[in-house]
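Inspection log for the structure reproduced underneath, given as structure tokens.
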Amino acid sequence: MKVIGLTGGTGSGKSVVSRLLQEMGAVIVDADKISRQIVEVDQPAYREIVKYFGKEILQEDGTIFRRKLGEIVFHDSEKLAFLNRCTHTYIVAKMQEQIAAVKAEGTAKCIVLDAPLLFEAGLERFCDAVWVVYADVDTRAKRIMERDGVSYDLALARISSQKTWDEYRALSDIVLDNSQDRNHLQEQLAIAWKTIE
């Protein structure tokens, strides 16, 4: 059973690609979903983050105010590096558990690791191939603004905190262009899927 690493910059449309792959028979292991679980109140990653950033990042109910934390780390590379180091350890462990469970079940056509920070977390070592989702910077910024309700400048700050397009392209086996319409994307996915079958 092949394991595909799916990555790309924020706003590139990985979620759309992930949903389409699930419809095609892939089991999705979602790093974003896991990243939310590991920072729930009293989880080990939660405690480390609150100790480092202080209680001012918490909402009234004690949960981490993700937007506030995001605004802090996307303007401070040292704090972003800490947050990534802290969370990656727990994310990788959970993803390994899920990969093992899917392989043991043995019914899926393939496993897709949907991970924006695939390379930063070292997850590519579990993958048979890496697919990267592409969209131009302006399209990505607009998607981030719409999705997260942030300013254009903050959207650009988030984009600039990640790998450049040249870095993504150099590290990938297949590029999926998601800057056009859905039909264009589905045609590319059909071709990419043949490499799994």
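The values are calculated or read from the model by the stated rules, or taken from the named source; none is laboratory data. Small disclaimer: the values here were computed from a predicted structure and weren't measured. We place every Cβ from the backbone using ideal geometry, glycine too, and count neighbours over all the protein chains shown. Note: areas computed on protein heavy atoms with side chains; ligands, DNA, RNA excluded. Shrake-Rupley method; radii C 1.70, N 1.55, O 1.52, S 1.80 Å.
Among (1) under 19 Å from V73 (Cβ atoms); (2) surrounded by 13 or more Cβ atoms within 10 Å (Cβ to Cβ); (3) within 16 Å of the chain's Cα centre (by Cα), where does R143 come up short? Going through (1) under 19 Å from V73 (Cβ atoms); (2) surrounded by 13 or more Cβ atoms within 10 Å (Cβ to Cβ); (3) within 16 Å of the chain's Cα centre (by Cα) one by one, R143 breaks only (1).
Of a type in the set (A, V, I, L, M, F, W, C), farther than 22 Å from K79 by Cβ and in contact with a strand residue (DSSP E or B) (Cβ under 6 Å, 6 or more places away or on another chain), is that true of W165? No; evaluated as a whole, the condition is false for this residue. Looking across the range 47-63, the residues that are part of a helix (DSSP H, G or I) and either hydrophobic (A, V, I, L, M, F, W, C) or touching a helix residue (DSSP H, G or I) at 6+ places or on another chain (Cβ under 9 Å) (or both) come down to E48, I49, V50, Y52, F53, E56, I57.
Can you find even one residue in the range 60-74 that is in contact (Cβ under 8 Å) with a residue 40 or more places away in the chain and closer than 21 Å to A135 by Cβ? Yes, the conditions are met somewhere in the range 60-74.
Among all residues of the range 135-155, there is none that is in a strand (DSSP E or B) and either modelled with pLDDT under 90 or of a type in the set (V, I, T) (or both). For the range 13-33, the tally of residues that are within 17 Å of N178 (Cα to Cα) and touching a Leu at 6+ places or on another chain (Cβ under 9 Å) stands at 7.
Taken as a whole, the range 158-170 holds no residue that is outside any helix (DSSP H, G or I), closer than 21 Å to K2 by Cβ and open to solvent by less than 40 Å² (accessible area, probe 1.4 Å).
When the residues of the range 97-114 are filtered to those that are in contact with a helix residue (DSSP H, G or I) (Cβ under 6 Å, 6 or more places away or on another chain) and of a type in the set (A, V, I, L, M, F, W, C), which remaining residue is farthest from L189 (Cα to Cα)? So that I can check it myself, show each step before the final result.
In the first step, residues of the range 97-114 are kept if they are in contact with a helix residue (DSSP H, G or I) (Cβ under 6 Å, 6 or more places away or on another chain); the result is 108, 111-114.
Retained after the next criterion (residues that are of a type in the set (A, V, I, L, M, F, W, C)): 108, 111-113.
Details: A108: 17, I111: 15, V112: 13, L113: 16 Å.
Going through the qualifying residues, I end up with A108.
When only residues in the range 64-76 that are touching a helix residue (DSSP H, G or I) at 6+ places or on another chain (Cβ under 8 Å) and not in a helix (DSSP H, G or I) count, which is least open to solvent (accessible area, probe 1.4 Å)? Step by step, filter the range 64-76, then rank; the result is I64.
Looking at K79, K94, K163, just one residue is touching a residue at least 40 places away in the same chain (Cβ under 8 Å), over 23 Å from A26 (Cβ atoms), basic (K, R) and in contact with a helix residue (DSSP H, G or I) (Cβ under 9 Å, 6 or more places away or on another chain), and that residue is K163.
Restricting attention to the range 1-46, the residues that are among the β-branched types (V, I, T), assigned to a strand (DSSP E or B) and open to solvent by 10 Å² or more (accessible area, probe 1.4 Å) add up to 2. Tell me yes or no: at least one residue of the range 126-136 is without any contact (Cβ under 8 Å) to a residue 12 or more places away in the chain and either of a type in the set (D, E) or farther than 22 Å from I28 by Cα (or both). No, the range 126-136 contains no residue that is without any contact (Cβ under 8 Å) to a residue 12 or more places away in the chain and either of a type in the set (D, E) or farther than 22 Å from I28 by Cα (or both). Each residue in the range 88-127 was checked for being open to solvent by 10 Å² or more (accessible area, probe 1.4 Å), under 13 Å from L171 (Cα atoms) and either in contact with a strand residue (DSSP E or B) (Cβ under 6 Å, 6 or more places away or on another chain) or outside any helix (DSSP H, G or I) (or both), and 6 pass.
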